[in-house]
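For reference, the structure discussed in these notes is given below.
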Amino acid sequence: MITNRKPSQRSWLAAIFRLLASTLAILLLLLAVGIAGWLGYARVRMADAETQPRAGAAAAGGRWVHADDVDVHLQEWGPADGKPLLLVHGTGAWTGTWVSNVEAMAAAGFRVVAMDLPPFGYSSLPNSGDYSRWAQAKRILAVAAQLGDKPVTLLGHSFGGGPAAEAVMLDSSRVAHLVLVDAAIGLRSSGQPSCKPPLVVQVLLGWRPLRTTLMAVVATEPRFSQYLLSQFVARKEVVTAERTAIYQLPFANQDFSAGLGDWAYQFAAGCELPASVQADNFKKLAMPVSLVWGEKDTITPLAQAHVLQALMPSARLTVLAGVGHIPQIEDVAAFNTAITQLLQTPP
């Protein structure tokens, strides 16, 4: 006798599909609950942690100067009558993250001045919310103008390299020597970028409360700091708990995550065409320019330094072996030796 098994097979398959659909629904629900819980935790942690007025939270010894539209936090080392050297940090850094380098620069005879470029560190946030490269360059120039009559040596690292280059293109009279360390320049061939942010940027960062919470979830979550910092270096062993703690100090500032979110949104939207992303403008620079690059930089690879050097044949390129995007913490001795030599003998 032949038995027809098709109805039972269909029932069995339908049961399997129902089970899979139910399992998927449960997993999605758990994921949604988990995400909501994590976002809620981030909001609570942010409200509990970001309580310090910037003027009260900064380390002793710093000072503030009004620079264009913000109050910029500065720290200084070295002889008051030394040649002024203005340091501009990279993403996530601040004046305190130069701690392993400034004494060597000061010993070389420089008046070393490190500034916090908003929204990082302890500088105030601009009411306009403008973190464009042009706006940051104006803040750098306003600080430089308050350091005396002598033109400054301007050193910009990573994200700070773009505003530093922009500053010399706005007013070269304020800068005697431009030093770019693993600088994030982002050269473009031509054309105005689109002013409409990508959809993912609009969804995740377009609404301020959401982007603020996302910054608190990842960027200013202390448990992620060491991992995030390690992604920028080739020598992972230098990212110690002690080093990470220095980067975390400004997390106590009021509205720190909010400012970081505003900056991230403008940065991700990419709606600007400053002078310093246009290759021809580098060809016009008449001042000495030095390039310092980590051999193993994967964030702004060494090839980018060679492109800049091709635009400025008189620029001197120093390659630091075995280090990545943050050479000043990856090989402190090699960086300090190289930087003091080129500061004392510009190209």
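The values are calculated or read from the model by the stated rules, or taken from the named source; none is laboratory data. These numbers were taken from a predicted model, which means no experiment stands behind them. Glycine also receives a Cβ, built like all others from the backbone with ideal geometry; neighbour counts cover every protein chain displayed.
If you go through region 284-298, how many residues are part of a strand (DSSP E or B) and either small (Gly, Ala, Ser) or at positive phi (or both)? First the steps, then the outcome.
Just the residues of region 284-298 that are part of a strand (DSSP E or B), to begin with: 289-294.
This time we only want the ones that are either small (Gly, Ala, Ser) or at positive phi (or both), so: 290, 294.
Residues in region 284-298 being part of a strand (DSSP E or B) and either small (Gly, Ala, Ser) or at positive phi (or both): 2 in total.
If I ask for residues that are over 14 Å from Leu85 (Cβ atoms) and in a helix (DSSP H, G or I), which ones from region 322-340 would you list? Full working, then the answer.
Going residue by residue through region 322-340, those that are over 14 Å from Leu85 (Cβ atoms) are 322-327, 329-335, 337-338.
Scanning region 322-340 gives Pro327, Ile329, Glu330, Val332, Ala333, Ala334, Phe335, Thr337, Ala338.
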Going through (1) more than 20 Å from Gly162 (Cα to Cα); (2) of a type in the set (Val, Ile, Thr); (3) surrounded by 15 or more Cβ atoms within 10 Å (Cβ to Cβ); (4) at pLDDT 95 or above one by one, Thr220 fails only at (4)
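When you look at Phe159, is it aromatic (Phe, Trp, Tyr) and either modelled with pLDDT under 95 or out of contact with any Pro (no Cβ under 9 Å at 6 or more places or on another chain) (or both), yes or no? Can you show your working first?
Values: aromatic (Phe, Trp, Tyr): yes; either modelled with pLDDT under 95 or out of contact with any Pro (no Cβ under 9 Å at 6 or more places or on another chain) (or both): yes.
Here the answer is yes, as Phe159 does meet what is asked.
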So the check is Cβ under 8 Å with 6+ separation or different chains; which pairs have a first residue in region 270-285 that's more than 18 Å from Gly156 (Cβ to Cβ) and a second one that's among the acidic types (Asp, Glu) and not in a strand (DSSP E or B)?
none
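How about region 45-73: which of its residues are closer than 21 Å to Lys138 by Cβ, touching a strand residue (DSSP E or B) at 6+ places or on another chain (Cβ under 7 Å) and surrounded by fewer than 22 Cβ atoms within 10 Å (Cβ to Cβ)?
Once the filter is applied, which keeps residues that are closer than 21 Å to Lys138 by Cβ, touching a strand residue (DSSP E or B) at 6+ places or on another chain (Cβ under 7 Å) and surrounded by fewer than 22 Cβ atoms within 10 Å (Cβ to Cβ), region 45-73 yields Arg63, Trp64, Val65, Asp71.
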Ala310: within 27 Å of Glu221 (Cβ to Cβ), out of contact with any strand residue (DSSP E or B) (no Cβ under 6 Å at 6 or more places or on another chain), of a type in the set (A, V, I, L, M, F, W, C) and modelled with pLDDT of 95 or more, yes or no?
no
Which numbered condition in (1) at pLDDT 95 or above; (2) surrounded by fewer than 17 Cβ atoms within 10 Å (Cβ to Cβ); (3) not hydrophobic (A, V, I, L, M, F, W, C) is the only one that Pro288 fails?
(2)
Which numbered condition Ala241 misses (of (1) modelled with pLDDT of 95 or more; (2) buried (at least 19 other Cβ atoms within 10 Å of the Cβ)):
(2)
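For region 303-319: of the residues being buried (at least 16 other Cβ atoms within 10 Å of the Cβ) and closer than 22 Å to Glu330 by Cα, which is farthest from the chain's Cα centre (by Cα)?
Applying the first criterion (buried (at least 16 other Cβ atoms within 10 Å of the Cβ)) to region 303-319 yields 304-305, 308-309, 311-312, 315-319.
Next cut, closer than 22 Å to Glu330 by Cα only: 304-305, 316-319.
Working: Gln304: 18, Ala305: 18, Arg316: 24, Leu317: 22, Thr318: 22, Val319: 21 Å.
Restricting to residues being buried (at least 16 other Cβ atoms within 10 Å of the Cβ) and closer than 22 Å to Glu330 by Cα, the top hit is Arg316.
One line per residue, one yes/no per condition, for (1) over 27 Å from Gly61 (Cβ atoms); (2) surrounded by fewer than 17 Cβ atoms within 10 Å (Cβ to Cβ):
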position	(1), (2)
Glu103	no, yes
Ala108	no, no
Tyr131	no, no
Ile140	no, no
Gln146	no, yes
Glu166	yes, no
Ser172	yes, yes
Ala184	yes, no
Counting only residues in region 177-217 that are farther than 21 Å from Phe159 by Cα and among the basic types (Lys, Arg), the one modelled with the lowest pLDDT is identified as Lys196
Within region 263-284, can one find any residue that is of a type in the set (Phe, Trp, Tyr) and touching a strand residue (DSSP E or B) at 6+ places or on another chain (Cβ under 9 Å)?
yes
Pairs under 9 Å by beta carbon, first residue free of Cβ contacts under 8 Å to residues at least 40 places away in the same chain and among the polar types (S, T, N, Q) in region 311-324, partner buried (at least 19 other Cβ atoms within 10 Å of the Cβ) and in a loop (DSSP other than H, G, I, E, B), six or more apart or different chains?
Ser314/Pro288
